[in-house]
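Notes follow the structure.
Derivation of every value follows stated rules applied to the coordinates shown; laboratory data play no part. Just so it is clear, the structure is predicted and the values come from calculations on it, not from any experiment. A quick note on method: Cβ atoms are made from the backbone with ideal geometry, for glycine too, and the neighbour counts reach across all protein chains shown.
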Amino acid sequence: MMKNKLYILLIFSICSAAWSQEEPVGLRRYAIFAGSNNGGEERVQLEYAETDAMAMYRVLSEVGGLSPSDTILLKDPDVREIRDAFSQIQSKISENKEQNRRSEFIFYYSGHSDEAGILPGGKLYEYSELRKKIDAMDTEVKIAVLDSCSSGSFTRLKGGVKKAPFLIDESVDTKGHAFLTSSSENEAAQESDSIEGSYFTHYLITALRGAGDSTQDGTVTLTEAYSFAADETLARTTSSIAGAQHPSYSINLTGSGDLVLTDLREIVSSISIDKEIDGRIFFRDKSDRLVIEFRKRAGIPVSISLPGGVYKVQLENERGLSSAEVTVTNGETHLNNRAFTGVDRTFARVRGDDIPESEPEKPDWDNVENSLEQKMKEIRNMIDDKFGIMETEEENHDSVQEDIVENVEYKVFGVSFAPTRETANDVLNLSLSFIGKPYALYGASIGFMNMTYQDVYGVQIGALSNQTGRDNNGALISSIFNITNRDLRGAALSGVFNLTNGTVYGMQGAGVFNISSYRLMGFQTAGVFNITKNYSYGAQAAGVFNITEGTLSGFQTAGVFNIAGGQLNGAQISGVFNVADNINGVQIGLINVGKQVNGMQIGLINISDEIKGLPIGLLTISKNGILDFGGWYESSGFIYTGLQTGSRNFYNFAYLALPSDSAVSVFSAGIGIGARINLGSFYIDMDTSIKSVAIGSDYGEALKNTFTAGNINSVYPNARLSAGLKMFRVLSLYGGLSLDMHIPGVTNRSEYFHSTENPLILHNPENGEDVIEFHPHWFGGLKINF
């Protein structure tokens, strides 16, 4: 009996020990949040950096699985405090390593920075040291988010390239890093009083609370959060004084699936926005602070995680502005269109195509200080900003277009045959005036200066200028300039410039320049330059230069240069140089520059990262292409030196030649094109060229005679077939057969290249006359492969 009791006690002890053993936690996150308003005496004091850090901590604690015990929140820290925080978190990670199946580390910083590093308290903490600290964290995944000026320099340390496939869910053994920055390496990160925080952090938090859940699976992944925040940040900063802000990234995570940042499926309180709601939606708390804001599309329901409380919700769309009040409690609160009631708006807030039923706010016609001079200043600023690439998503187009008219007060001078705009009902079919100011125009307006506050359906003809407050569906003709604040569907013709703040569906023609601030779907022609700030489907033709800052599908032709900031699908033709990103088509100019080229580059100098196609020119430079310099001896008695440049499979080449033994001064030169077949260390070259040979009293005269027009009959075709063997990576041994050709009646016979005793002769089968002679020569030499 006693023995049985001992057995039972032993079993109980073993079971108790097993039950007391802690199971490893699935996923554990550690984080450092740092907000620094102080950037030093020489920098402006920020208002919301600390608020941003607190907001990021709050959202990841509420829906990101982050425990306060694994978090350090730093307010206005110095460099030493940040270093100490890294040490404390690293110690905690090491202590808990065996208790976690996997762990992740998050570092967030909001504040000042420059190209070298972040500036907490105005002191430099270099990106290189910060990168080492993050990389040293003993976690499977490291995530860094920097919301500061020039923070893109941090991702540029390793190129800022996303590598596929990336990321995870909790069940996948994923390792690597994900670094997100609010701006590129040379841009200012911006904060706003209206949102009481920085743009990037504001929209990143909005995404993490559910607005970024594009797949509607109840989770927000790294990809979804970054894409949402980047798009919204760019859209909201495009028209700001500091200019467009382009977030950047460096992601290198291996595994499958996607990295989940927040999980909304088990949240305590949330608000479900009905799929029928469409427009930009704003949530404000009881203190009227903007909590979240985003573009809600019809047909897609959205669930947002929010702490319990009363919220004022505003909806802005083409129907106007409406408002609702909701109380969020435990569980899910629903919001639909029936909850909203209309709100009166001023004229300056109107969007869409409908004329409001309520009377708009009257402009202050007595205030004339910001008149045409202010407008020209805006245009000059726009021109100054043209060389920064702006890519605005189409769905955000309405929200980023600024109303030119609403910010300009026009001085009325002289007599107007049209009434001044006193109500919203001034819709004119015909206006004969010095300055027309109708609400909308249906018909024609002819005058000294024509200005319309809303849409134009017809024609405006102005001795000096035409200005349309929104869309123009017709034609603008003036001697100096035309301005359309939104889309142009038709033609704008002026003696100096045309400016369209939206999309051009049609044509802009000007004596000096044309600008489309959004897209070009048609044609631009100008005496000096054309600029489109997004993408172009059509053509740009200018006397000096054309710039499309996004994708160009069509062609650009200019006297000096063309630039396509995105992909080129078509052609660029210029007198000096062409520049494009990825090219599917052709570039023709003295100098052509591209990244990935699928097509042709035709010019004196062609430059690319990689070209899959045919480069034609004197010099082609491609990172993955051919760059060979060599010398060879030919059985004709000439010693050659030449250069081959091109893509991996096609090349241009040029060569010079001197006879090894000659009683007179003889000089030969040639240019050609060829193709290469790569077979590992072996390769086969096939090319054709034209060569010229000349004689002189000395080599200087022979060289001169080689390139004179009178030597045209001494220019001969040549074809070669050769094989090479690459040795020591940079050296090739090669040789083959060269065929010099003589065309009777067209070229002179050369005693140097056409002296073989038994040439191969192609005869005309009808009359037996010689058509072409082939004179074979053997050659061999060495090449240096760069």
- Go through the range 566-572 residue by residue and turn each phi into a ³J(HN,Hα) via Karplus (6.51, -1.76, 1.60, θ = phi - 60°); whole Hz please, and just put x for glycine and proline. x, 7, 9, 10, x, 9, 10
- Between Ser69 and Ser91, what is the spin-label point distance in nm, taking each point 7 Å from the Cα along the Cα→C-beta axis? 1.7
- Query: When the Karplus curve 6.51 cos²θ - 1.76 cosθ + 1.60 is applied with θ = phi - 60°, which whole-Hz ³J(HN,Hα) does each residue of the range 655-670 get, with x for Gly and Pro?
  - Reply: 8, 10, 8, 10, x, 6, 8, 8, 7, 10, 7, 10, 9, 9, 8, x
- Inter-label distance for Met686 and Ala116, nm, one decimal - labels placed 7 Å from Cα along Cα-to-Cβ: 5.8
- Whole-Hz Karplus couplings 3J(HN,Hα) for the range 83-90, θ = phi - 60° and coefficients 6.51, -1.76, 1.60, Gly and Pro as x, run 4, 5, 5, 4, 5, 5, 5, 4
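So which of Lys97/Lys132; Lys623/Lys704; Lys75/Lys296; Lys75/Lys123; Lys595/Lys726; Lys133/Lys623 end up more than 23 Å apart, counting from Cα to Cα?
Numbers: Lys97/Lys132 20 Å; Lys623/Lys704 35 Å; Lys75/Lys296 34 Å; Lys75/Lys123 15 Å; Lys595/Lys726 27 Å; Lys133/Lys623 34 Å.
Those over the limit are Lys623/Lys704; Lys75/Lys296; Lys595/Lys726; Lys133/Lys623.
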- Note on the structure: Protection proxy (average C-beta count within 10 Å per residue), highest first, orders 671-684, 584-597 as 584-597, 671-684
- Query: Listing Val291, Val496 from the residue with the fewest other Cβ atoms within 10 Å to the one with the most, what is the order?
  - Reply: Val496, Val291
- Task: Using amide H atoms built 1.01 Å from N in the peptide plane, name the residues 5+ places from Leu568, or on other chains, whose amide H lies under 5 Å from its own.
- Result: Leu552, Asp581, Asn582, Ile583, Asn584
- In this structure, the FRET efficiency calculated for Ile743 and Glu610 from their beta-carbon separation, with R0 = 35 Å, to the nearest 0.05, is 0.40
- Message: For Gln467, what residues show an amide H to amide H distance below 5 Å, using hydrogens built from the backbone and excluding near sequence neighbours?
- Response: Asn450, Met451, Thr452, Ile483
- Item | Backbone N under 14 Å from the Ile671 label point (7 Å along Cα→Cβ), restricted to the range 578-606 | 589-592, 602-606
- Using alpha-carbon positions, the gyration tensor of the range 551-621 gives root eigenvalues a ≥ b ≥ c; with a/c under 1.5 called rounded, otherwise prolate if a/b exceeds b/c, else oblate, the class is oblate
- Message: Counting other beta carbons within 10 Å of each residue's own, what order do Val141, Val326 fall into, fewest first?
- Response: Val326, Val141
- Query: Taking the alpha carbon gyration tensor of the range 626-785, what are the square roots of 5 times its eigenvalues, largest first, to the nearest whole Å?
  - Reply: 27, 20, 14
- Query: For the range 433-588, how big is Rg over Rh, using alpha carbon atoms and the Kirkwood form of Rh?
  - Reply: 1.03
- Query: In nm, to one decimal, how far is the Arg80 label point from the Val771 one, both placed 7 Å along Cα→Cβ?
  - Reply: 9.1
